[in-house]
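Only one structure is covered here, and it is reproduced in the block below.
The values are calculated or read from the model by the stated rules, or taken from the named source; none is laboratory data. Note that the structure is a prediction, hence the values are computed from the model and not measured. Neighbour counts are summed over all protein chains in view; Cβ atoms, including those assigned to glycine, are modelled from backbone coordinates with ideal geometry. Keep in mind that these areas ignore ligands, DNA and RNA; they rest on the heavy atoms of the full protein, side chains included. Shrake-Rupley method; radii C 1.70, N 1.55, O 1.52, S 1.80 Å.
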Amino acid sequence: MSKSKTNYTLIIILLLAFAMQSFGQTVVPATKQQVDKLIAVLKSDAPHKEKADACRLLAIVGTKDAVAPLAALLGDEKLSHMARYGLEPIPDPAVDDALRDALGKLKGRPLVGVIGSIGVRRDIKAVEPLAKMLQDTDDQVAQAVARALGKIGNRPAARVLQRALPNVSAANQLAFCEGLFRCAEALVAQGRPDQAIEIYDQLRKLDAPHQVRGGALRGAILARGSVGKIRRRAGETIRQYILRRNDGVSLLMEHLRSDDYIMFSAAVQTAQELPIAEVTQALTSELNRLPPDNQILVIQTLGKRADPQALGSLFALAMNSKTKSVRIASIRALPDIGDPSSAGVLERLLADADSEISKEAQEALAALPGQKADEVVMRMLNSNQADERLTALELIGRRRMTESIFALLKAAGDADPRVRPAALRKIGELGGPNELPALLNLLMRCKSTQDLDAARQALSAVCAKADDMESCVEKLTSLLSKAGPAQKSTLLRVLSTIGGTNALRAVRAAVNDPDTQVHTAAIRALGAWKTADAAPDLLALAKTASNPNDKTLCLRGYLGLAARPDLPVNQRLSMCRQVAGLIQRNAEKKLLLSALGSISSPDALALIMPYLDDPATREEASMATVAIAEKLLRGRNVSKLAPKLIEPLEKVVQVTTNADLARRAKALLRRAQGRGSRR
Amino acid sequence: MLKKKSNLTRRAFLKRSAALATVPYIVPASALGLDGKVPPSERIVLGGIGIGNRGSHDLRWMMPESDVQFVAVCDPQRKRAEAVKKIVDTRYGNKDCAIYHDTPEFLAERTDIDALLVTTGDRWHALASIMAMRAGKDVYSEKPSCMTIAEGQAVVETAKRYRRIYQTGTQRLSEGNFTFCNEILRLGRLGKVHTVRAHIAPWDAAEMSHEWLPAQPQPPREEVDWDQWLGPCPWRPYNSTYTRGGWRGYYDFHTSCIGEWGAHTFAQCQVAIGAADTAAIEYGYVKNESGDGMVTKFANGIRMILERDMDKKYWRGSCGVRYEGTEGWVAAADGYSKPDVSSPAMMDDFRKLVYDYVARTQRPMSHVRNFLDCVKSRRQTVSNPVMMHRTMTTVHAANICMWLKRDMRYDPVKEEFINDPEANRLRSRAMREPWII
């Protein structure tokens, strides 16, 4: 073996030892010796891959010592990129020297790459040599130079590009513009907005695509910024005043009357980035001169700027514009600004003859922060119009007006049958356990189904927020003996959402209530129980029920609990096994299959299999089988599970008439057969 | 080729659309075409770059929108481009969809295209988006939308520079269940939120491979342009496995199991906790292959924990998020009919909260529709460049933490790791010429 090969072999061994604990993925801080080993690989005749890997590692741990060996590869067509990969992050000026040095020696893509890296590193010493390459006949080189000069972004780089721009070819124009944009942004960041303005103004005048012209206008406005406070002369219009300022606001103003929509919209949208009071003045002063489409863009911008100075103009448009979409845009801008004074205008607009306008006003009121808006809503709640009271309730909920509970409790006794349940639901939404006694009193007076249902929701909601659930249970169960059947049924449903031993005991007892409504409600409550604790009661009732309706209710309730995804798989399987023998009707069989289909276990498939033979249930059984197989074949231990899927899937393919299911089953079967054979 | 200025006459619909964007989209009678559809002159002209499986899904989502006309696809793989052409031509009943092979040529020639669907695979998402925005297009880019922190910064800068509309494909920010979770948190119904959990992919690892698949004979360039497929990534020999979707798990092409789902779930969590414009400041290294259990922390004190959830303790579907506060918790994942909640009463408000969100933000429960609306109204999308960059920064920082096997601290204002030069070197990668930003 030759010496270079021997050395190479040793190096590879050492490199691999390093790489085992290092970054083919990860890196630990490298010793000088380890870095030297990587450098040695670069200098050797190791294959491309090993050198490339060495470059990767040097990107993270490389030091000045690595610069020269990496730079030596810049001219290598195959390794040039990886050489830069290693060089670019090394924070030593030797890298910049090496890259600059390479400029005069390279051509084609390696040269383009080196130019790119010079840009990334922002080497200001490279401006002069790069400038000489800006007119290169290779467009890729010229474009790379333009972008790199932009990344360097100092005044000399900008001047080079600015001088070249008038004569740039069409193919290179966008790249030169990009370079200039980068320079301008860098100059602003360096505190030289005047130089940036020069660039932006040059770009604005260019016969260039819309994104350049619009972007240049944006940049020109922002770079100019504001000259600050200047006194407005007597008799001077706002437009004259702003134009006289000769700053970014003036430039923005100039374009507000532009026929060129690109420039108009660029100016208006830039206003969002210029938090200066005079901008609001400029925008609002022009509003009435603009066509509706343009007005809307300005209105949206005024909303985003959130300057209350705009409100006068927005109020006027919201109330009086002849164009509906302008009115709507104005209304929508009001919550964005969020000033309390908007509440009064919105209140007036609620009564607008146009229902779209009043609806928009309602939406805006929902979003407007502050006490004044709350007061408007409370006035609505006291209206003698039921529709208005309903709207107020909706707004109370959306505005989270938790201090309005007292008013809500009063509204829960409203004469209007729509208002009462709406108020009850809001109490549930906004209230807490403190409202439980009052809600229970209201429940005892509820008569209509809607009221009872709303009371149920509210009671469940407030109890859910309680720290002490048992105290809630106690309050509810204490009323059971006094409540009428409808109220009792409601209480039982609420108890099912709370759960717990005491609640379960009370509901269990209610199953034996002589009143049919209460008896049925108790069974339903068990079926909707918060946890699976009610399952044994349901199973026992299903076994003993003489009334077929009761049996159906129990089975359905039980199956609903068996389908709960939060229960362990084994428990759900056990529940399904226990109930299977009791099921006779097809409807319950399908519920059983649905519950089994959500259990990712081959044991569930065994329970499903018989149903594949029954025409009444084979499609549901097929769906359940396919669902289980899909999950199992995606999970763990696939090789072990796959064989158990084959028979059920073959059966599905055989029996299903659903083309999509058959297709899926066949695909799964192929996978199962393939995985099974790999064991 | 001389670049045309945009045709203002044809863009006149923008003017009208600015007005219409404030009300439900209504095409006035004068503009109605056949069957009530939007006439071609009023449609957003759409093209695509690198449309494969996921991209086809996005395409099928976009094309039914009445204000979209898909006109051209660019792909270095001829067969994929032809497959897209078939989908499009079948949809429109013609043979008009054009095919391009070379991205710069495509962008230079098609100045008529308003917006681009970029679904190339992680490695190209940022660069293609930047090239497209430079060319004056708005962009819908699939996720993960950048490979490094530096790429994310460049996307933000470019979108701002050229005033482009950009949406990253974190579509769960436009889905009802996830929106509900965010709103429940925002409205304070969970009390003081202390922890959010973000699902990461249960396959692959944080550490990725640099190995090369065996070299195969390179197909003719007109079949597969391997150079362009690689784009800015380090060269390696051709193997068809990469081009058929087998690029995941390779450092050069992928953002790891953390990025695979984290691009979604970190975005959800960060938006929910009001951290969409920043990144996590602390990352706790964990000794496993995936980052499972990594605790990250934000400046507002909230922890975000990465969860692989192999035992399905938190979720039953993919891309799950879970938010935990002093007064309750809420969770959602793919395939849920409704979110999981600590109190069933929370669900009473489901429809209302989602409705209120849509009314307040004017963002519909359709990610594609949100993008298209914003193309017309020029408002920010829900998954805008800043959100993408900052949430992907958290992804990248979590990856770097795993790669360097130590705890990290990050300064989201300076956008650098604190006292960690090695980590800072990993914020960018030298791009292969000529595919340089």
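Values computed for the structure shown
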item	result
Selection status of A:Leu567, away from every other protein chain (no Cβ under 14 Å), open to solvent by less than 50 Å² (accessible area, probe 1.4 Å) and not aromatic (Phe, Trp, Tyr)	no
Selection status of A:Ala329, within 29 Å of A:Leu368 (Cα to Cα), open to solvent by 30 Å² or more (accessible area, probe 1.4 Å) and among the small types (Gly, Ala, Ser)	no
Matching helices (runs of 4 or more DSSP H) fully within segment B:367-437 where at least 1 residues are more than 10 Å from chain A (Cβ to nearest Cβ) and small (Gly, Ala, Ser)	B:385-404
Number of the exception - A:Leu217 against (1) open to solvent by less than 10 Å² (accessible area, probe 1.4 Å); (2) away from every other protein chain (no Cβ under 14 Å); (3) not polar (S, T, N, Q)	(2)
Residue match in segment B:60-72 (condition: hydroxyl-bearing (Ser, Thr, Tyr), part of a loop (DSSP other than H, G, I, E, B), touching a residue at least 12 places away in the same chain (Cβ under 8 Å) and open to solvent by 30 Å² or more (accessible area, probe 1.4 Å))	yes
Breaking point among (1) modelled with pLDDT of 95 or more; (2) touching a helix residue (DSSP H, G or I) at 6+ places or on another chain (Cβ under 6 Å), for A:Ile242	(1)
Matching option when the condition is free of Cβ contacts under 8 Å to residues at least 12 places away in the same chain and of a type outside the set (Val, Ile, Thr), among A:Pro91, A:Pro110	A:Pro91
When residues of segment A:410-433 are limited to those that are surrounded by fewer than 20 Cβ atoms within 10 Å (Cβ to Cβ) and at pLDDT 95 or above, the one nearest to the chain's Cα centre (by Cα)	A:Arg418
Boolean, B:Thr22 is within 14 Å of chain A (Cβ to nearest Cβ) and at pLDDT below 95	yes
Residues satisfying the stated conditions in segment A:293-321, i.e. open to solvent by 30 Å² or more (accessible area, probe 1.4 Å), more than 22 Å from B:Tyr357 (Cα to Cα) and either within 27 Å of the chain's Cα centre (by Cα) or modelled with pLDDT under 95 (or both)	A:Asp293
Search result, residues across segment B:168-216 that are assigned to a loop (DSSP other than H, G, I, E, B) and acidic (Asp, Glu)	B:Glu175, B:Asp204, B:Glu207, B:Glu211
Of all residues making up segment B:418-437, the number that are touching a strand residue (DSSP E or B) at 6+ places or on another chain (Cβ under 8 Å) and within 25 Å of B:Trp124 (Cα to Cα)	3
Of residues in segment A:145-168 being open to solvent by 10 Å² or more (accessible area, probe 1.4 Å) and within 14 Å of chain B (Cβ to nearest Cβ), the one farthest from A:Val127 (Cα to Cα)	A:Val168
Which listed residue, of A:Ala102, A:Ala131, A:Ala68, A:Ala59, is under 40 Å from the mean Cα position of the chain (by Cα) and either within 13 Å of chain B (Cβ to nearest Cβ) or surrounded by fewer than 19 Cβ atoms within 10 Å (Cβ to Cβ) (or both)	A:Ala59
Matching entry among B:Ala345, B:Ala359 (being farther than 24 Å from B:His194 by Cα, without any contact (Cβ under 8 Å) to a residue 40 or more places away in the chain, open to solvent by less than 40 Å² (accessible area, probe 1.4 Å) and among the small types (Gly, Ala, Ser))	B:Ala359
Single residue of A:Arg122, A:Arg109 found to be open to solvent by 50 Å² or more (accessible area, probe 1.4 Å), more than 12 Å from every other protein chain (Cβ to nearest Cβ) and either within 43 Å of the chain's Cα centre (by Cα) or among the hydroxyl-bearing types (Ser, Thr, Tyr) (or both)	A:Arg122
Residue list for segment B:296-319, restricted to those being surrounded by fewer than 19 Cβ atoms within 10 Å (Cβ to Cβ) and in a strand (DSSP E or B)	B:Lys297, B:Arg303
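Here is a yes/no grid of residues against (1) assigned to a helix (DSSP H, G or I); (2) under 27 Å from A:Pro340 (Cβ atoms); (3) in contact (Cβ under 8 Å) with a residue 40 or more places away in the chain:
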position	(1), (2), (3)
A:Phe406	yes, yes, no
A:Arg420	yes, no, no
A:Leu439	yes, no, no
A:Met444	yes, no, yes
A:Gln450	yes, no, no
